[in-house]
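Working notes for the structure below.
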Amino acid sequence: MRKVEVKEAVAYNAPGHFDMRAIRLHSKEESGCENFTLGMSHFLPGGGTEYVEPPVELIYFILEGEMTVSDKDGNEICTLKKHDSMHFDAGEGKSILNKTNYPATMLVIASMLPANAK
């Protein structure tokens with residue numbers, strides 16, 4: 001068991017993200033989590049991600065603001081608002097974008113890569 005306070009969280013740069021700051025709350029290094037990581041991402045207005053097909057399962061949970069999820073062709077799939085969440089299977093592609101004039105904050109839960117995939 002390990003409590004992690006936000007003030008202890010480690011900031012990190014996520015490839016393919018723009019106008020965003022992220023902190024890692026739980027992972028093997030921070031708290032001994034072996035099967036997933038938990039991060040918190042803050043997106044400025046206009047911030048988001050490039051299209052990507054991550055090799056891990058993801059869950060997005062919106063704490064504040066809203067983020068629009070789009071497919072490979074840029075077609076909007078949905079807009080996640082405060083307290084909405086969305087699950088993505090491993091390999092399921094998407095991009096996200098904060099289309100509002102307010103910051104958005106979301107929790108990101110990511111499964112760990114299988115040992116043979118590293």
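Just so you know, all these numbers are worked out from the coordinates, no wet-lab data involved. What you see is a predicted model; the values in this text were computed from it and never measured. Note that we place each Cβ from the backbone using ideal geometry, even for glycine, and neighbour counts take in every protein chain shown.
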Exercise for the section: Arrange the peptides 63-69, 52-58 so that the one whose residues have, on average, the most other Cβ atoms within 10 Å appears first. Expected result: 63-69, 52-58
Completion exercise
Number of Lys pairs in the chain closer than 17 Å at Cα, excluding neighbours under 8 places apart unless interchain, is 6
Practice task
Find the centroid of the Cα atoms in the range 1-20 and in the range 92-109, then give the distance between the two in whole Å.
Solution key: 15
Handout entry: Dimensions in Å of the chain - Rg and Dmax from alpha carbons
Key = 14.0, 43
Handout entry: Nonlocal amide H pairs with Val10, under 5 Å, H built at 1.01 Å
Key = Arg24
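How large is the helix-only mean residue ellipticity at 222 nm for the chain, computed as the sum of -39500 (n - 2.57) over DSSP H runs with n ≥ 4, divided by its residue count, in deg cm²/dmol to the nearest 500?
Mean residue ellipticity at 222 nm (helix-derived): -500 deg cm²/dmol.
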Fill in the blank from the handout: Within the under-12-Å Cβ sphere about Pro54, not counting Pro54, Lys/Arg +1 and Asp/Glu -1 give a net charge of -4
Fill in the blank from the handout: Once Lys and Arg are counted +1 and Asp and Glu -1 for all other residues with Cβ under 15 Å from that of Ser70, the total becomes -4
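Rounded to the nearest 0.05, what FRET efficiency do Met1 and Ala90 give with R0 = 35 Å and r taken as the Cβ-Cβ distance? Could you check?
0.80
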Exercise for the section: Considering Cα pairs under 8 angstrom that are at least six residues apart, work out the relative contact order of the range 8-117 and quote it in whole percent. Expected result: 31
Handout entry: Cα pair count fraction exceeding 17 Å, expressed as % - the range 1-57
Key = 45
